[in-house]
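First up is the structure itself, then whatever we jot down about it.
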């Protein structure tokens, strides 16, 4: 009889412990998950076309992805997922010609180019006429 009692006790305990997985405890502990290379605006501002691969590696670190079929492209990717927040993703791609950095693209652009783009956007916004201006400047039909 003790073996039946022991078997029933083990089965009951296993069933009760399995039921605990259905209870969700609110925010007991959730981990912030970071993956990839941290890249910021200061790092991107240091990049210049003509730099060597070792100089780029010194500034940005070892690339997360190095394509085996295209040795002249390095991809830097960073993502962070905080509990209760949307996942943030950033990427930078550096392109080389041999051992020389030719250009790069991604979520960051150099600060010097940001001011140029902002000035161009202001000029374009000033060049766009409002409907009232268009109506006032419209030619009138000849009588």
Expected unfolding gain across residue 111-residue 72 under the 0.36 nm per residue rule, minus the alpha-carbon gap, is 11.6 nm
Listed with the fewest Cβ neighbours within 10 Å leading, 65, 16 appear as 16, 65
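Values quoted throughout were computed directly from the atomic coordinates according to the rules given, and no laboratory measurement underlies them. From a predicted model like this one, the values you see are computed outputs, not experimental measurements. All Cβ positions, even for glycine, are placed from backbone atoms using ideal geometry, and neighbour counts span all protein chains on display.
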